[in-house]
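**Q** Here it is: the structure, laid out below.
Laboratory data are not the source of any read-out in this text; all were calculated from the coordinates shown. Model, not experiment: these values are computed from the prediction. Counting neighbours? That spans all protein chains shown, and the Cβs are built from the backbone with ideal geometry, glycine included.
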Amino acid sequence: MSGNVRARRPASPPPKLTQTSQRFPHPRQDHLDADERRVAASQGFGPGRTKYFPLGGIDLTSGEVKLLFGIVLVAAGVRLFRLSRPNSVVFDEVHFGKFAGKYIKTQYFVDVHPPLAKLLITLAAFLFGFDGQFDFKDIGKVYEHTPYVAMRMLPALLGVATVPLSYLTLRALDCRATTALLASLFITFENGMVTQSRHILLDSPLIFFTALTVFFWVGFCNEDKHEPFTESWWAWLLLSGLSLGAVVSCKWVGLFTIATVGVSVLYQLWNLLGDLRVTPKTWARHFLARALCLIVVPILFYMFMFQIHFLILENSGDGDGFMSAAFQHTLGGRHMADTYADVALGSEITLRHINTQGGYLHSHAHTYPGGSKQQQVTLYPHRDQNNVWRIINATADGEEPHDWANSPLHFITPGLRVKLHHIATEKHLHSHEIRPPISDVDFQNEVSAYGMPGFMGDANDDWIVEIEHGDKHDRESSKRLRTLTTVFRLRHALTGCYLFSHKVKLPSWGFEQQEVTCNKNAVRPNSLWFIETSTHSKFTGEAEKVNYKKPSFLSKFLELQQVMWTTNAGLTDRHTYDSRPESWPKLRRGINFWVKDHRQIYLIGNPTVWYLSTLSLVIYVAVRAFLILRAKRGYRDFENTKVVKYDSLCGFLFVGWALHYFPFFLMSRQLFLHHYFPALYFAILLSCGVFDLLTSTLRPKLRLQIAAVLIIVAIWNFSYLSPLAYGNPWTRAKCESAKWLKTWDFGCGDFLEDYSQYKGQILATPQQSIVATVGGEADGRAEVVVADNQAGNAPVAGEAEHTVAVMGQAEPGPAFHEPAKDIKSDHLPVPPPAPPVVDEKVISTVGEIKDATAHEVVLGPEEMARSLAGAASEKVVNQASVEAEKAAAGEKPKEAPAAAAEKVTSVDAVPPKNEQVEKPVAGQAAGPLGEAEVEAAKAAEELFPNA
């Protein structure tokens with residue numbers, strides 16, 4: 001062959017045809033040079049794409065499927081073991097069990113959490129025949145005719161389902177099967193998660209939907225790397241959006257999960273924006289698809305849950321007092337008939353407060369125990385005859401005419417000086433320079449009801465009308481008082497203070513109704529009022545009538561969100577077992593759930609799992625910082641495929657942990673250990689990701705042995721502390737030895753000295769054993785105490801006489817007490833002006849703002865004396881609110897939302913002997929303010945009642 005002849009190269013294969021071999025049957029779809037491979041690795045792609053791609057990037061072998069099935073069986077055994085014990089109310093079952101009853105009875109209530117988890121618990125209760133009659137009143141109350149096991153089963157099953165999700169998530173993140181096994185067993189034997197999932201609580205559904213969201217999102221990311229806009233790509237994206245809606249519909253902590261996915265979305269879109277192979281049109285498709293599925297779909301799902309909530313809770317209930325008057329008008333039993341639009345002198349009206357969810361200005365035939373000892377004036381949340389006042393002219397000389405039908409109409413205009421006459425007791429709304437019984441500060445005056453039949457009162461009964469604003473659809477409402485549309489203030493004529501109410505409750509002698517005062521430095525929203533109903537003898541059927549406008553679903557939805565937000569922010573009271581976020585990763589303390597029968601349930605984590613997860617967080621931060629420093633020095637660690645893989649994996653999990661943990665530092669409300677559980681889930685997965693990296697160079701057998709050691713230690717820790725999770729018998733010695741930290745404050749004194757003492761024991765509450773619920777509500781929840789002092793419950797020999805684990809206020813959710821008969825005062829005769837003094841007991845059923853069901857108060861002479869003696873101590877409860885107003889001095893303070901009110905009305909019955917009932921003498925000459933002579937006459941009549 002001559003030197004100038006070149007050999008021909010074999011012809012290239014035709015386009016779209018690639019050569020295959022027996023050894024490599026699946027050729028690569030693309031052939032990248034070194035630079036392209038580096039770019040692909042930096043974006044998380046593998047070395048090449050193949051034709052075969054498992055759904056969501058999860059490729060499980062048949063052996064793994066069997067292993068996963070076995071893990072699920074183990075998790076079910078751990079979480080369902082003796083689920084029926086204890087057979088009494090535990091922890092916040094007091095509240096969430098009660099909510100299921102409210103759903104079944106369709107009675108409206110308000111909780112600070114969205115409804116999905118509560119609806120799922122209600123569904124389980126309904127399917128197993130719960131009628132809603134059990135009241136879940138106290139921790140330790142034995143269940144009767146209640147499918148509590150079925151109700152506990154739902155959180156428990158969701159806890160079981162979280163275990164395989166953790167396994168599948170790590171496999172989707174390209175971790176080894178050993179690593180996924182380690183994570184699933186860590187979560188299976190995590191004591192805190194086990195304890196939380198065995199009771200009627202919301203955290204287990206929350207963690208489940210958090211894990212489900214992470215799993216769907218990781219699957220979507222794998223599909224997106226493989227090939228976007230396929231059917232499976234859309235399916236994973238849509239499932240991610242639905243799961244986001246579910247997690248935020250359980251608790252607002254789900255917003256942190258949305259933030260986690262949002263950060264990942266921004267990272268993806270940023271990388272796509274820098275990829276020149278992605279056209280602007282394709283990038284816009286990516287953006288719109290994610291916006292639709294990850295923003296619109298979760299919002300619609302969340303709103304749909306509240307639509308179901310409103311449809312079920314169609315009748316009036318103990319949550320009415322949280323909501324506006326227009327909202328209450330949509331509930332069954334709270335509908336108001338059309339009322340006259342105009343208000344004139346002589347009109348009989350009911351006044352509602354604007355800023356505290358519309359309580360009525362109210363008075364009843366009971367007097368203040370101190371101060372002027374005149375008749376009480378309060379804010380009351382329900383309709384009642386004692387809410388009705390007649391508005392009369394204060395400038396007229398002599399007695400007002402009673403023939404209103406033949407008197408000319410005189411509408412109420414700004415600046416008019418009026419009196420408010422309480423029709424039921426025939427007294428006038430009154431104020432004077434006497435400090436209120438609770439808000440005892442210089443700028444607040446007492447408001448009372450003062451006078452007698454035929455007595456026109458004095459200048460301290462006079463109020464000046466100041467119109468704040470009207471309705472834009474009713475021009476006359478800004479010129480004169482009009483029903484429902486005019487918002488106004490009442491200024492006291494002599495002292496210049498404004499009729500005022502705030503979220504401070506009177507003690508038991510005031511039936512825990514809301515305090516009304518006259519405030520010289522009144523916060524404007526708290527001094528605004530409107531007229532709800534108006535009647536006048538001269539108004540005929542042709543007169544204009546008005547009623548509330550029925551709010552739309554959107555307005556009801558937004559109003560409830562505002563109430564939930566304000567209520568949640570108002571839960572700032574301290575509690576015996578609360579904790580701050582900085583203590584959670586170190587597992588400094590837990591929460592006492594239940595103490596009874598010499599057993600205890602105490603929420604505490606598994607130390608092995610907890611501390612390994614915390615250590616992994618520290619390791620990740622340290623290694624990531626080290627790699628950043630090396631990158632600054634010119635090292636190309638982030639071009640290494642292995643580094644990129646684990647940085648992407650651990651970085652995503654670390655961001656999830658951080659976004660579920662650090663926001664709690666910004667919250668001033670009560671916080672507890674269980675608030676850390678969603679972050680703990682991410683930390684456990686991160687610890688297993690770190691394990692996968694550290695053992696990546698080891699032989700599989702050695703890796704499995706290391707994992708086995710960690711699992712055995714975790715199971716041993718779980719077993720050692722399991723009596724606190726299951727409420728099993730334990731000895732004091734073992735309890736004391738289990739206290740690894742001094743801050744673990746479970747009560748070892750509750751346990752017996754030896755296991756033999758439990759044999760044949762009658763399950764009953766130890767004498768004077770006390771435990772209180774954890775929960776919360778608008779104004780901070782009072783303790784719920786379990787005590788069994790029956791004679792048969794004698795302590796065992798050698799036992800301490802008192803077993804005490806006192807708990808105070810905690811997690812959100814209204815506190816309920818035993819319901820009482822709904823007695824309305826408008827069904828009873830109005831008490832006479834001068835009632836005789838009697839010794840018999842008086843029953844008064846009142847609406848409690850803190851409690852959400854009726855509470856019957858039986859008042860006799862002895863009971864009233866005790867209530868008066870305790871007034872000073874109860875006054876301290878509201879001191880914080882008073883001090884806040886005092887500091888504000890006219891500026892708007894941060895107030896808690898209106899507390900849940902019962903749907904009962906007060907019965908203003910005859911006062912007992914020890915109450916001072918004012919009886920002014922008709923026609924008696926009064927001094928400049930008309931009080932001194934009348935008070936003297938009243939005192940004389942009390943001293944000589946038969947004279």
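**Q** For region 71-128, count all C-alpha to C-alpha pairs, find those more than 15 Å apart, and express that count as a whole percent of the total.
**A** Above the 15 Å cut-off, region 71-128 has 60 percent of its Cα pairs.
**Q** Among V194, A235, F130, whose Cα lies farthest out toward the positive end of the dipole of region 114-267, if unit charges sit on the beta carbon of Lys, Arg (+1) and Asp, Glu (-1)?
**A** It is V194.
**Q** Hey, can you rank 110-121, 630-641, 660-671, 194-205 by average C-beta count inside 10 Å, highest first?
**A** Numbers: 110-121: 24.3, 630-641: 11.7, 660-671: 16.5, 194-205: 27.2.
The most tightly packed comes first, giving 194-205, 110-121, 660-671, 630-641.
**Q** Compute the length gained on full extension between F411 and Y267: take 0.36 nm times their separation in residues and subtract their Cα-Cα distance, giving the result in nm to one decimal. Mind dumping the intermediate values first?
**A** Details: separation 144, 0.36 × 144 = 51.84 nm, distance 6.52 nm.
Extra length available between F411 and Y267 comes to 45.3 nm.
**Q** With 25 Å as the limit, write out which pairs from K472/K545; K419/K479; K251/K550 have Cα-Cα distances beyond it, or answer none.
**A** K251/K550
**Q** If you don't mind, another one. Compute the FRET efficiency between K586 and T279 as 1/(1 + (r/R0)^6), taking r as their Cβ-Cβ distance and R0 = 51 Å, and round to the nearest 0.05.
**A** 0.50
**Q** What translational diffusion coefficient, to the nearest whole µm²/s, does region 167-311 have by Stokes-Einstein, given a Kirkwood radius computed over alpha-carbon pairs, a temperature of 25 °C and 0.890 mPa s viscosity? Before the final figure, lay out the partial values.
**A** Details: Rh = 16.6 Å.
In µm²/s, the coefficient is 148.
**Q** Going by C-beta contacts inside 10 Å, put F500, F136, F654 in order with the fewest on the left. Please report the intermediate quantities before stating the final value.
**A** Details: F500 28, F136 24, F654 21.
Result, fewest neighbours first: F654, F136, F500.
**Q** If each of V618 and Q307 carries a label point 7 Å out from its Cα toward its Cβ, how far apart are those two points in nm?
**A** 5.1
**Q** How large is the Kirkwood hydrodynamic radius of region 564-645, counting all unique pairs of alpha carbons, in Å?
**A** 17.2
**Q** Set the Förster distance to 25 Å, then compute FRET efficiency between K734 and L702 from the Cβ-Cβ distance, nearest 0.05.
**A** It comes to 0.10.
**Q** Order these by the 10 Å Cβ neighbour count, fewest first: M564, M323.
**A** The order, fewest Cβ neighbours first, is M564, M323.
**Q** At F665 and L558, where each label point lies 7 Å from the Cα along Cα→Cβ, what is the point-to-point distance in nanometres?
**A** It is 3.5 nm.
**Q** In whole Å and largest first, what semi-axes does the C-alpha gyration tensor of region 510-617 yield when each eigenvalue is scaled by 5 and square-rooted?
**A** That gives 52, 20, 17 Å for the three semi-axes.
**Q** Now a separate question. Quick one: what are the phi-derived ³J(HN,Hα) couplings along region 598-614, Karplus 6.51/-1.76/1.60 with θ = phi - 60°, whole Hz, x for glycine and proline?
**A** Taking θ as phi minus 60°, the curve returns 6, 10, 8, 10, 9, 6, 8, x, 7, x, 4, 5, 5, 6, 5, 5, 5 Hz for region 598-614.
**Q** Something else about it: Given the peptides 271-278, 145-152, arrange them by the average over their residues of other C-beta atoms within 10 Å, most packed first.
**A** Going from most to least packed, we get 145-152, 271-278.
**Q** Please report L68, L680 as a ranked list, fewest other C-beta atoms within 10 angstrom at the top and most at the bottom.
**A** Ascending Cβ contact count within 10 Å gives the list L68, L680.
**Q** For every other residue with a beta carbon closer than 14 angstrom to the beta carbon of L649, add +1 if it is Lys or Arg and -1 if Asp or Glu, then tell me the sum.
**A** Values: positive: R171, R176, K225, R624, K642, K645; negative: D174, D647, D692.
Neighbourhood net charge equals +3.
**Q** With θ set to phi - 60° and the Karplus curve 6.51 cos²θ - 1.76 cosθ + 1.60, what are the ³J(HN,Hα) couplings of region 191-208 in order, to the nearest whole Hz, using x for Gly and Pro?
**A** For region 191-208, the Karplus curve yields 4, x, 5, 5, 4, 5, 7, 9, 9, 7, 9, 9, 6, 5, x, 4, 5, 4 Hz.
**Q** Using just the Cα positions, wrap region 255-321 in a convex hull and report its mean projected area in square nanometres, one decimal place.
**A** 6.3
**Q** Sort region 459-562 into rounded, prolate or oblate with this rule: let a ≥ b ≥ c be the square roots of the eigenvalues of the Cα gyration tensor; rounded if a/c is under 1.5, and if a/c is not under 1.5, prolate when a/b is larger than b/c, oblate otherwise.
**A** Note, shape of region 459-562 comes out oblate.
**Q** Here's another thing I want to ask about it. Can you give the extra length, in nm with one decimal, that the chain gains between N547 and T535 once fully stretched, where that is 0.36 nm per residue apart less the Cα-Cα distance?
**A** 3.0 nm
**Q** Return the equivalent ellipsoid semi-axes of region 345-478 as a descending list in whole Å, where each equals the square root of 5 times an eigenvalue of the C-alpha gyration tensor.
**A** Working: eigenvalues 118, 78, 45 Å².
They are 24, 20, 15 Å, listed from largest to smallest.
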